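To keep things clear, I will list the structure first and then write my remarks on it.
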Number of protein chains: 2
Amino acid sequence: MYYSIGEVANATGIAISTLRYYDREGMFPDMERSNGGIRVFSDTEINTLKVIECLKSSGMSIKSIKEFLAWCGEGDASLGKRREMFHARLEEVEKQIEALQETKNRLKYKCWYYDTAIAAGSEEVVKNLPVDEIPEDIRNYKI
Amino acid sequence: MYYSIGEVANATGIAISTLRYYDREGMFPDMERSNGGIRVFSDTEINTLKVIECLKSSGMSIKSIKEFLAWCGEGDASLGKRREMFHARLEEVEKQIEALQETKNRLKYKCWYYDTAIAAGSEEVVKNLPVDEIPEDIRNYKI
DNA sequence: ATAGAAGCTAAAGTTAGGTTTAGGTCAAGA
DNA sequence: TCTTGACCTAAACCTAACTTTAGCTTCTAT
């Protein structure tokens with residue numbers, strides 16, 4: 001199947017300008033053009049977009065993603081490099097999840113803090129509460 | 001306790017230039033200066049830095065954090081707004097964690113994909129594997 | 001008293017990841 | 001054929017969050 005840039009933008013939610021930017025950056029090395037010079041997206045590019053989205057949401061930069069996509073063009077010779085890359089990304093994302101969970105607990109503490117302050121009518125009360133009055137699960141996330 | 005900008009930078013790992021930038025942005029409205037004009041950080045500012053870090057790692061912009069810090073200066077009158085803010089942040093972070101978990105599963109799929117390709121000596125083999133040969137836990141995360 | 005480390009400011013520079021603009025060209029229906 | 005909506009490029013612009021630079025001042029230890 002073939003798609004125009006507008007169709008791809010519509011289907012994926014990615015702005016047309018972004019798709020052109022990705023192309024300019026060399027993310028779609030094999031994308032074809034019509035005789036008139038109009039981009040023709042194929043399932044190859046749709047798949048590349050899925051990979052881009054995955055890597056981007058793992059925190060990878062456009063530049064590095066581009067590098068990875070170049071490896072894909074090298075065939076089986078680059079399998080090792082590509083494997084390493086995904087394992088490294090996986091570790092990264094696991095760390096990010098842990099960090100976010102820490103953040104989540106701190107936010108939970110603050111939610112409790114403000115809920116309690118509002119119930120008491122003032123912040124002072126909560127500030128002076130002894131530690132054992134703080135719910136156990138968030139006690140260690142006090143800011 | 002009082003601290004110089006260098007001490008704070010050292011203790012927190014935040015660059016001196018960043019601390020000055022935060023100050024310029026108005027994040028430390030009550031910070032004092034020595035007679036000579038040198039910044040004097042107190043525990044108030046150290047605490048503010050912890051809040052900044054928490055909110056920043058939840059994805060909040062410096063501008064919004066500054067706004068929140070201004071609310072803090074308004075006393076109990078702004079308790080409601082502050083409470084809402086933290087509850088909204090918490091929801092946001094929960095969504096981010098879910099998104100990252102999705103990303104993690106996609107990366108796991110790719111790790112399996114490349115592990116299998118390398119074991120087989122070629123990518124072609126994995127590409128043509130029937131779906132039921134993909135481990136169950138990642139089957140739905142195929143890209 | 002003095003040297004040098006640490007601090008200060010204003011303003012310009014940097015980077016990533018796009019978006020916008022201006023000025024055209026292409027393609028499909030009436 | 002004509003119109004009009006979709007597409008094209010190059011280049012400039014944008015924003016966030018810092019960092020760097022240049023030139024100057026303050027503080028601390030000898």
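Coordinate-derived values only; no laboratory data. This is a predicted model, so every value here is computed, not measured. No Cβ is skipped: glycine too gets one built from the backbone with ideal geometry, and neighbour counts run over all protein chains shown.
Here is how the numbers come out for the structure above:
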{"quantity": "Qualifying residue in the range B:64-81 (condition: under 22 Å from A:Y109 (Cβ atoms), part of a helix (DSSP H, G or I) and either of a type in the set (S, T, Y) or within 16 Å of DNA strand C (Cβ to nearest atom) (or both))", "calculated": "yes"}
{"quantity": "Residue match in the range A:62-84 (condition: touching a Cys at 6+ places or on another chain (Cβ under 9 Å) and either small (G, A, S) or more than 7 Å from chain B (Cβ to nearest Cβ) (or both))", "calculated": "yes"}
{"quantity": "Residue list for the range A:29-42, filter: touching a residue at least 12 places away in the same chain (Cβ under 8 Å) and either within 11 Å of DNA strand D (Cβ to nearest atom) or within 28 Å of B:E98 (Cβ to Cβ) (or both)", "calculated": "A:M31, A:I38, A:R39, A:V40, A:F41"}
{"quantity": "Unmet criterion (only one of (1) of a type in the set (A, V, I, L, M, F, W, C); (2) within 14 Å of DNA strand D (Cβ to nearest atom); (3) under 25 Å from B:K104 (Cα atoms)) for A:M60", "calculated": "(2)"}
{"quantity": "Number of positions in the range B:102-114 that are more than 7 Å from every other protein chain (Cβ to nearest Cβ) and touching a helix residue (DSSP H, G or I) at 6+ places or on another chain (Cβ under 7 Å)", "calculated": "4"}
{"quantity": "Some residue of the range A:75-83 being within 16 Å of DNA strand D (Cβ to nearest atom), under 22 Å from the mean Cα position of the chain (by Cα), surrounded by 14 or more Cβ atoms within 10 Å (Cβ to Cβ) and of a type outside the set (A, V, I, L, M)", "calculated": "no"}
{"quantity": "Of all residues in the range B:1-47 being in contact with a helix residue (DSSP H, G or I) (Cβ under 6 Å, 6 or more places away or on another chain) and part of a strand (DSSP E or B), the one that is farthest from DNA strand C (Cβ to nearest atom)", "calculated": "B:F41"}
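A quick yes/no check of all residues on (1) of a type in the set (D, E); (2) in a loop (DSSP other than H, G, I, E, B); (3) more than 30 Å from B:N105 (Cβ to Cβ); (4) in contact with a Leu (Cβ under 9 Å, 6 or more places away or on another chain):
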{"site": "A:L100", "(1), (2), (3), (4)": "no, no, no, yes"}
{"site": "A:K104", "(1), (2), (3), (4)": "no, no, no, yes"}
{"site": "A:K108", "(1), (2), (3), (4)": "no, no, no, yes"}
{"site": "A:W112", "(1), (2), (3), (4)": "no, no, yes, no"}
{"site": "A:D115", "(1), (2), (3), (4)": "yes, no, yes, no"}
{"site": "A:I118", "(1), (2), (3), (4)": "no, no, yes, yes"}
{"site": "A:V126", "(1), (2), (3), (4)": "no, no, yes, no"}
{"site": "A:D132", "(1), (2), (3), (4)": "yes, no, yes, no"}
{"site": "A:N140", "(1), (2), (3), (4)": "no, no, no, no"}
